[in-house]
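Student: The structure follows.
The values are calculated or read from the model by the stated rules, or taken from the named source; none is laboratory data. The model shown is predicted, which means the values in this text are computed figures rather than measured ones. When we count neighbours, we look across all protein chains shown, and the Cβ atoms used for this are built from the backbone with ideal geometry, even at glycine. Note: areas computed on protein heavy atoms with side chains; ligands, DNA, RNA excluded. Shrake-Rupley method; radii C 1.70, N 1.55, O 1.52, S 1.80 Å.
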Amino acid sequence: MDIMLILCIAFAIVFVLLAPFVGAIISGIDRKVTAKMQGRVGPKILQPIYDVLKLLGKESATVNPAQDFFVLLYLIFVVIAGIIFFSGLDFLLCVLIITLASLFLIIAAYSSRSPFAELGAQREILQVMCYEPMILIMAVGLFMANGAFNIYDLFNAQLPIIVYLPLIFIGFIFVLTIKVRKSPFDISMSHHAHQELVRGVTTEISGRSLAYIEISHWYETVLFLGWVAMFFIFCNPLVSAILCVASVIVVYFLEILIDNNFARVKWQSMLKYSWIVALLFGGVNILVLMVL
Amino acid sequence: MSGTKKSPWIIHYDGSSCNGCDIEVLAALTPLYDAERFGVINTGNPKHADIFVVTGAINEQNKNVVKQIYDQMLEPKIVVACGACACGGGVYRECYNVSGGVDQVIPVDAYVSGCAIKPESLFDAIVAGVEILEQKRQALKKSNKAKPNISTKDKA
C-alpha cells in the first residue's frame, strides 16, 4: 500500500510540473496544424508560451479583486482535478471538481458586470449543461465496466474499457469538442482569430489573470486527453501505452479537423445534439451493460 | 525571457475614410499574408491588445471612441497609424468635421505611409513597433520597481 501511495504522489508531482509544458506544446501544434489546414505558414510551436509570458509582463489592471480571486480558484481546481485523475484516484471526484472549476470561471465572468462577459458566462453555463450529462454517464459506465471509480483499478483489467463502452466513447468525443472549446461548439469563448461577443467569458479578464486562464487551459487539455487515454488502459503496460498515445493523437487531430471544418452553431442546436448523443449513445451503452 | 516581441496582439479601429486601408489591414490577416506567423492575433478587445492599429482620419464623432479604446489598453502598448488619412488627415484634411491624424488625440508610435497602405508596409510597422513595445515594457518594469507603494502615498 505504501508503494501505491508513493506512486500516486509521484504521478501527481509529474502532472503538476509537466502538464503545462505538454499542454502548451499541444496548443502550439494545434495552431500550426490549423494554419497548415488553412494554407498558411502559421505561428511557431512555442507561440502559446510567448503569449503567456507577454501577458504575465503586462500592467496589472483588474475590474475588481474578486475576479482575480475566482480566476485563481479556477486554475487551482483544474490542477486539483488533474492531480486526482493522474494519481489514479476517483474519476467521479475528478469530474465533479472540474465542473466546480468551470463554475468559478463563470462567477469570475459574472463579477465584472460587463454585458459581453455576462453573455459569455450565460453561454458557458449552457455549455456545462450540455456536456455534463454525457460526462456523468461516462463515469457510470466506468463504474459498471471497472467495478470501481478508481483509475488505478484499470491497470488490473483483462480488457480495456473501450470494449465495454464503445458508444460512450463516441459520445464523449462529441462533448470533448465543447470541453476543449472548439468549433462548432465554441460559443462562450474561442481561441485564434474567430471571435464573437468580443471575447466572451474573458472579455474583462486581462494581463496576469488571462495568463492564468491560458495555463489552466493547458492543464485542462492534458486532463481531457488523459480521459481519452483512460479508455485504452489494461493489464498489458506496453500495448496499453501504445494504444493510449495513438488514441490521444487520433482524437486530438479529429478535434482540429472538426474545428476547421464547421461553423459555430447556435446554443439551441448545441443543447439538442449533445443531449441526443448523451441519451442515445450513453443510454444504449448503459442498458446493454445492464443486460449483459 | 519575455514574449512581448513575439506576441503582438492587435486591435483595429477604422475612423472616417474610404475603407481602403481598412480592407488592406484585413488582407494582412488573411492566409495570403498570414500575420499569425509573427504571433499577431486580431483580438477585437482593447484589454487583450498590445498594438492599436488605426486607419482613417479622426473626426469630431470618433475622437472619444479612439481615446477610450486607447485608455482601455494595458501598458505596454503602442499605436500604429495606417495610411495617409490616419497619419495627417489625407484627402479629408480640410473637411469641416475632420480634426486630422490620429496623433491629434493619442500618441502615435509608428506611421505607415500609402493610400491605401500595403500589407507589407503594415508588417514593417508592426515589426518596428514590437521593438518600441519591448522598450516600453522594460521602462514599465523599472518604474514598477522604483515606485514604493502608490496607494499609501496618495492617502498621505
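Student: Kindly check whether there is at least one residue in segment A:25-37 that is under 22 Å from the mean Cα position of the chain (by Cα), modelled with pLDDT of 90 or more, within 25 Å of A:ALA109 (Cα to Cα) and in a helix (DSSP H, G or I).
Tutor: Taking every residue of segment A:25-37 in turn, at least one turns out to be under 22 Å from the mean Cα position of the chain (by Cα), modelled with pLDDT of 90 or more, within 25 Å of A:ALA109 (Cα to Cα) and in a helix (DSSP H, G or I).
Student: For segment A:204-228, which positions are within 14 Å of chain B (Cβ to nearest Cβ) and either touching a strand residue (DSSP E or B) at 6+ places or on another chain (Cβ under 6 Å) or open to solvent by less than 20 Å² (accessible area, probe 1.4 Å) (or both)?
Tutor: Selection gives A:ILE205, A:SER206, A:GLY207, A:SER209, A:LEU210, A:ALA211, A:ILE213.
Student: Any idea which of B:ILE23, B:ILE11 is over 13 Å from the mean Cα position of the chain (by Cα), more than 20 Å from A:LYS44 (Cβ to Cβ) and either at the interface with chain A (Cβ under 9 Å from one of its Cβ atoms) or at pLDDT 90 or above (or both)?
Tutor: B:ILE23
Student: For A:LEU154, indicate whether it is free of Cβ contacts under 8 Å to residues at least 24 places away in the same chain and closer than 30 Å to A:SER240 by Cβ.
Tutor: no
Student: Then there is this: Looking only at segment A:38-68, how many residues end up being part of a loop (DSSP other than H, G, I, E, B), open to solvent by 40 Å² or more (accessible area, probe 1.4 Å), under 20 Å from B:GLN72 (Cα atoms) and more than 7 Å from every other protein chain (Cβ to nearest Cβ)?
Tutor: 3
Residue-wise test of (1) in a strand (DSSP E or B); (2) touching a His at 6+ places or on another chain (Cβ under 8 Å); (3) open to solvent by 20 Å² or more (accessible area, probe 1.4 Å).
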residue	(1), (2), (3)
B:VAL66	no, no, no
B:ILE69	no, no, yes
B:PRO76	no, no, no
B:ALA86	no, no, no
B:VAL91	no, no, yes
B:GLU94	no, no, yes
B:ILE106	no, no, no
B:TYR111	yes, no, yes
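Student: Checking the structure you have, find out if any residue of segment A:184-198 is in a helix (DSSP H, G or I) and over 16 Å from A:ASP259 (Cα atoms).
Tutor: No, every residue in segment A:184-198 fails to be in a helix (DSSP H, G or I) and over 16 Å from A:ASP259 (Cα atoms).
Student: Still on this model: For segment A:229-248, enumerate the residues that are in a loop (DSSP other than H, G, I, E, B) and either open to solvent by 50 Å² or more (accessible area, probe 1.4 Å) or over 16 Å from A:ASN146 (Cβ atoms) (or both).
Tutor: Those that are in a loop (DSSP other than H, G, I, E, B) and either open to solvent by 50 Å² or more (accessible area, probe 1.4 Å) or over 16 Å from A:ASN146 (Cβ atoms) (or both): A:CYS235, A:ASN236.
Student: Taking the condition surrounded by fewer than 19 Cβ atoms within 10 Å (Cβ to Cβ) and closer than 18 Å to B:ALA128 by Cα, does B:SER7 pass?
Tutor: Answer is no for this residue.
Student: Look through A:LEU142, A:LEU119 and report the one residue that is of a type outside the set (Phe, Trp, Tyr) and in contact with a helix residue (DSSP H, G or I) (Cβ under 7 Å, 6 or more places away or on another chain). Steps first, answer last, please.
Tutor: Numbers: A:LEU119 fails: in contact with a helix residue (DSSP H, G or I) (Cβ under 7 Å, 6 or more places away or on another chain).
Sole residue among the options that is of a type outside the set (Phe, Trp, Tyr) and in contact with a helix residue (DSSP H, G or I) (Cβ under 7 Å, 6 or more places away or on another chain): A:LEU142.
Student: Moving to a separate point now. Can you pull out every residue in segment A:25-37 that is free of Cβ contacts under 8 Å to residues at least 40 places away in the same chain, open to solvent by 40 Å² or more (accessible area, probe 1.4 Å) and within 13 Å of another protein chain (Cβ to nearest Cβ)?
Tutor: Residues of segment A:25-37 free of Cβ contacts under 8 Å to residues at least 40 places away in the same chain: A:25, A:28-29, A:32, A:35-36.
Filter again for open to solvent by 40 Å² or more (accessible area, probe 1.4 Å), leaving A:25, A:29, A:32, A:36.
The answer is A:LYS32, A:LYS36.
Student: Within the group A:PHE116, A:PHE91, A:PHE85, which residue is more than 13 Å from A:SER206 (Cα to Cα), within 14 Å of chain B (Cβ to nearest Cβ) and touching a residue at least 60 places away in the same chain (Cβ under 8 Å)?
Tutor: It is A:PHE116.
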